[in-house]
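Remarks on the structure that follows.
The values are calculated or read from the model by the stated rules, or taken from the named source; none is laboratory data. All values reported here derive from a predicted model rather than from experimental measurement. Ideal geometry is used to build each Cβ from the backbone, glycine not excepted, and the neighbour counts take in all protein chains shown. These accessible areas exclude ligands, DNA and RNA; they are computed on the full protein's heavy atoms, side chains included. Shrake-Rupley method; radii C 1.70, N 1.55, O 1.52, S 1.80 Å.
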Amino acid sequence: MAPDKFILAVLVSGQGSNLQAIIDSIEKNDLSAEIALVVSNVKDTYALERAHKHGLESIFLDPKSYPDRNGYEQALVERIQSKSVNLICLAGFMRVLGNHFIETFSGRIINIHPSLLPAFPGLRVQKRALEHGARFSGCTVHYVNEEVDGGPIILQTVVPIYDNDNEASLSKRILEQEHIAYPEAIQLIIEDRLTLSGRRVLHNK
């Protein structure tokens with residue numbers, strides 16, 4: 001592992017399409033990083049298969065193997081710390097992280113969410129946006145703090161909502177933008193082009 005590389009850990013639970021977008025950006029040299037570890041809290045998820053195909057170290061860390069959330073998160077912390085990780089990327093990681101984990105890696109955890117936060121945090125966000133009659137949705141890359149989907153916003157991409165949209169069509173168009181926005185946000189962090197000012201993330205040229 002090259003010492004000058006920016007080291008990522010990616011946490012996953014599902015199909016891993018955002019993991020794939022990060023991998024593709026690295027392989028095209030658009031992203032100056034290396035993925036040292038992929039961790040899933042779900043067994044046999046396709047995201048782990050993606051990691052395996054690209055020769056990445058990947059593990060299933062079973063929450064049921066630990067007596068409580070603190071025990072699980074401590075095991076997760078130790079795995080990540082053993083890799084000297086610079087940044088943790090949540091890529092469809094469907095598990096709320098506790099204070100211990102967030103404090104241990106404060107300012108070094110980011111997430112991507114399929115809405116224009118602070119609108120529609122949580123789950124089934126495209127369905128809720130359609131039911132609400134929103135005219136625009138999109139995706140948000142943000143730092144992770146103790147508030148679910150509530151951390152400072154790094155990047156947002158707007159996706160229009162069409163009159164004939166349904167949950168599937170809107171989700172598909174938002175996901176396409178996630179695959180662009182997430183690597184872009186990671187590269188901004190690698191290049192040290194972000195400054196946190198209260199709740200605002202300032203972009204330095």
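In this structure, the residue pairs whose Cα-Cα separation is over 20 Å, taken from Lys127/Lys172; Lys43/Lys64; Lys5/Lys28; Lys28/Lys83, are Lys28/Lys83.
Each Cα pair under 8 Å and six or more residues apart adds its separation to the average, and for the range 26-95 the resulting relative contact order is 28 percent.
With contributions of -39500 (n - 2.57) from each DSSP H run of at least four residues, the per-residue ellipticity at 222 nm computed over the chain stands at -10500 deg cm²/dmol. Normalised per residue, the accessible area of the chain is 51 Å², obtained with a 1.4 Å probe and no contribution from ligands, DNA or RNA. Gap in Å between the Cα centre of the range 5-61 and the Cα centre of the range 141-205? So the two Cα centres are separated by 19 Å.
Working note: Karplus 6.51/-1.76/1.60 with θ = phi - 60° gives the range 194-200 the couplings 10, 10, 8, 10, x, 8, 9 Hz, where Gly and Pro are set to x. Protection proxy ranking, highest mean first, for peptides 65-71, 134-140: 134-140, 65-71, where packing is the per-residue count of other beta-carbon atoms within 10 Å, averaged. Distances between placed amide hydrogens fall under 5 Å for Leu155 paired with Val141, all partners being 5 or more residues away or on another chain. When Asp24, Asp165 are compared by accessible surface with a 1.4 Å probe, the order from highest to lowest is Asp24, Asp165.
Near Gly16, the amide H atoms lying under 5 Å from its own belong to Ala47; only residues 5 or more places off or on other chains count, and H is placed 1.01 Å from N. Rounded to the nearest 10 degrees, the inclination of helix 167-190 to the longest alpha-carbon principal axis of the chain is 50 degrees.
Stokes-Einstein, applied to the Kirkwood radius of the chain over Cα pairs at a viscosity of 1.306 mPa s and 10 °C, places its translational diffusion at 91 µm² s⁻¹.
Here's the picture: charge each Lys and Arg Cβ at +1 and each Asp and Glu Cβ at -1 in the range 54-205, and of Gly98, Pro118, Tyr66 the one pushed furthest to the positive end of that dipole is Pro118.
Applied to the range 115-126, the Karplus parametrisation 6.51 cos²θ - 1.76 cosθ + 1.60 on θ = phi - 60° returns per-residue 3J(HN,Hα) values of 7, 8, 4, x, 6, 6, x, x, 10, 6, 6, 5 Hz, with x for Gly and Pro.
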